[in-house]
Structures are given as C-alpha cells and as structure tokens.
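Heads up: the structure comes next, in structure tokens.
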Amino acid sequence: MPVDKTLKLSGTDLVHGDSGFAGSEVAPSISVSTTFRALNPLEEASTSLTDVDFRNPTRHGYSRYTQQVSTRAEHVLSRINDGFALTYSSGLSASYAALVFYRPKRIAIRGGYHGCHATIAVYQKSQDVKVELIDLDAEYRPGDLCWLETPLNPTGESRDIQYYADKIHKAGGKLIVDSTFGPPPLQYPFRFGADCLPVCSIQTIMALGTKYFGGHSDLLAGVLVVKTLEDWNVLHTDRTYLGSMMGSLESWLLLRSLRTLHLRVPRQSASATVIAQWLNSIAKTPLGETYDGIPGGVISQVWHSSLQGKDERGFDPAAQMQGGWNATFAILFTKPDYALKFPHATKYFVPATSLGGVESLVEHRIQSDPTSDPRLIRLSIGVEDVDDLKADIKQALQAVLSVSFLFTPGLVDE
C-alpha cells in the first residue's frame, strides 16, 4: 500500500470506514459472545477457521480470532493510519507483540514511556541470548530495532522520524514509532519512514488506543499498524496465541470513540499550544517580576513541540507535526513542594495518570514513574474552554504559592 501524501483525518472515514460490516442498525450493536454457531454441512458448505479471511470475515467462529465490532474498529484505524491496523488488549500488549514480530538482536531506545522499557525487560527474559539495549544515536547493525517515541513521554518533545528511519534502514534494521502523543491528524509516521506504528523496511506504527483513540478514559486498548497485509496476517496469528486481543465491550467503546477523533484532537492540540506557550512565558519571567499575576521563579521549564524550533541537523518539528502540536506536555517546577501540591489545587484538571481524554488531567509524574524528576508535572489537555483551563492553572499556582509560603516561610524567595 503506497503512502498517501495527501492523507488527512477524514470524519467520513471515521464514521463510515467500517460500513462494509454494518447491519441494519445505525449504531453498532454490542455483542459479548465469545463463540459463534458453526455452519451446518448438511445445509451449506462448511469451512474451517483456517479458510477464513480474518481481516474481512463473513462469519465468526471464536472471539479470539475475530469479532464483529473489533473488526470494524480495525478497518477504521486502518483507513486513518494508511496501513493495516490490529487491536490489542493494551498498549503494552501491542508493544510485546511488536517485539515478538521483529525478534530484534538489539534495541535502540532512549527515555520515553517507562512501561515500554518494562515490557522490553519481560521480553528479554524469554530470549536465550540477551537482547542488548543501545542508545538511539549509537551505530546500528543488521537486525537492530530502533524504538522511537515521538512526541516523547512525558515531555512532549518531537524526534526526527525521517533521520532515524534513514539511519536504521541503511544498517538493515527496522523502525517502530510510538505515536501515542501524536495521533492522526497531528502526525503520520509512515510518511517519514516508519516501519511499524504501535498506537512499521516502511512497516510498523504503535499507538496506545487507550489514549486519544479511546478519548474518554473508559477502556484499555493498544494498536499496531503495519504496511502490508502479509505482516498483518502474521501479527494476527501471533495475537491469537498470545491471547492479547481486545474484549468485546472495549472494542465497542473504541469504535464509538473513533467517530469523534477528528473533532477532539485538533481542539486539544490548539488549546495545549496556547497553554504551553503561556506557561513558557511564566517560566521565562525573572525572579522578582510577575507575568499575568504569577511571580517568576515558580516554573523553571516548559517542554512542548511548539517550543523546540529547528535542531542542529535542521529538523523542524513543524514539518513532522503537520496537523498540529501535541496536547500532552510537561512543566518543571523550581521546587518539589510546588509539584506535589499543584495537582490537588486545580478545579478542572483531574489529578490522575493517563492522557488523551476529553477531560484535562494533571499528573505528578514521579508517582507513576519513580525515575522522574520530583519537580515534573505532566499535563493532558482536554476539550474544555482554553480560557477556563488557563484560569484554573493560574489559581492553582497562586494557591500553591500561598500554601507553601504559609507553611514553609521563605520558600518563595529561596
């Protein structure tokens, strides 16, 4: 399947991309059946499951193989990612499936989501020869797998997909792009040489379906997108016997949520860009001065793709984030005490782990990732009015400063 350079996130595809599997009902029915009635050979020709086209099934035999709503969700995901999508029970199960599929000799990775590092550690236990981990900028060899997360968790910084695609392919390896922070329409990694997208010579994208694809904080899901049907068939067989398929209800929730992806993500992106740049102005305010009522010396750094600019190799994140900037990013307070109290001083931001939902979330990152800086806060911007979110952050900052000053004299001026 050639890469479509004009690909955009189409509301028509999101609403009707699975229409070939629709019945008479307007909204897809929820079916929680795990098994289905077999064909009667006395009435019609009976076939075994090995003869079924699992991507386009005309009947179902057992939900470990196919099920109506998960098949429909996969067709929508395939359309909007310009590839062949397969759903999983979680993002980490999709990550593990990608490792089983590629069987890398070495994995080039740096930072990013700590859960993927833990999944790699589990995969290493199953290998007779230890899979070596190398840095992204190390020299690559044949059989290597480059695991590129962009935008990066938790900071939201962009990495150059095309650069790492060219580098790993020249060495005879493969590139996985974890595009969780950059769902359609924000970026399309296949355009820049990704081999696999976990949500991919070009093959895989990975995306955590739990996040923006789900969008309502009510399901666990993972997605792998590959460039060929042959790869999809191999992954489908692997998934069948790894046992990591989505449940029926989760599949229905995912399909429902995909219908509004093109409405949610652009709004979240636009609001996050406004908020990140506003917070960056606060971070740049010198000690002793104020910006928009917030004193300098409270926030020391803001990370966001819109704040990066070109790097030393000439990489411009704007050329890669063609549909807008990421809606999840991080800020660094000057003191751990501020970061500890800030999430619980907000009114609209919910203090919780995760991202991509319609509600804005705030997370003291060290509470889910012990390796994080205790001053770091991750923000996931929802679909609320941006002015309300800014006002909420402002009052929370003022509340944190007031409490810190009240109980820790001198803390603001240190």
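The values are calculated or read from the model by the stated rules, or taken from the named source; none is laboratory data. What you are looking at is a predicted structure, and each value in this text was computed from that prediction instead of being measured. Heads up: the accessible areas ignore ligands, DNA and RNA and are worked out on the full protein's heavy atoms, side chains in. Shrake-Rupley method; radii C 1.70, N 1.55, O 1.52, S 1.80 Å.
Check which residues have an amide H placed less than 5 Å from Q322's amide H, if you skip close sequence neighbours.
Amide H to amide H, under 5 Å and 5 or more residues apart or across chains, Q322 pairs with Y188.
Rounded to the nearest 5, what is the percent of antiparallel bridges among the DSSP beta bridges in segment 261-403?
Close to 90 percent.
For segment 342-374 and segment 155-193, what is the centre-to-centre distance using only Cα atoms, to the nearest Å?
26 Å
Considering only protein heavy atoms, what is the solvent-accessible area of I366 at a probe of 1.4 Å, reported in Å² to the nearest 10?
Here the accessible area works out near 50 Å².
Of all DSSP beta bridges in the chain, what percent run antiparallel (nearest 5)?
So the antiparallel bridges in the chain amount to around 65 percent.
Which one, [x] 22.6, 87; [y] 24.6, 81; [z] 25.3, 87, gives Rg and Dmax of the Cα atoms in Å as derived from the coordinates shown?
This structure yields the entry labelled [x].
How large is the helix-only mean residue ellipticity at 222 nm for the chain, computed as the sum of -39500 (n - 2.57) over DSSP H runs with n ≥ 4, divided by its residue count, in deg cm²/dmol to the nearest 500?
-10000 deg cm²/dmol
For segment 261-403: lysine pairs with Cα atoms under 28 Å, gap of 8 or more or different chains, count?
Lysine pair count for segment 261-403: 14.
Give the dimensionless ratio obtained when the Cα radius of gyration of segment 261-403 is divided by 2.2 N^0.38 Å.
The reported ratio for this selection is 1.02.
Which whole-Hz couplings ³J(HN,Hα) result when phi for each residue of segment 75-80 is put into the Karplus expression 6.51 cos²θ - 1.76 cosθ + 1.60, θ = phi - 60°, listed in order with x for Gly and Pro?
6, 5, 4, 5, 4, 7
Of D218, D369, which has the most accessible area with a 1.4 Å probe, and how do the rest follow in descending order?
These residues rank, largest area first, as D218, D369.
Please list the non-local residues whose amide H lies under 5 Å from the amide H of I134, H modeled 1.01 Å from N, same-chain partners needing a gap of 5 or more.
Sorted by chain and number, the residues that satisfy this are I107, A108, I109.
Using only the heavy atoms of the protein chains and a 1.4 Å probe, how would F213, F36 rank by accessible area, largest first?
Listed by decreasing accessible area, they come as F36, F213.
Could you name the lysines in cross-link range of K130, using Cα to Cα under 22 Å and dropping any fewer than eight places away on the same chain?
K105, K174
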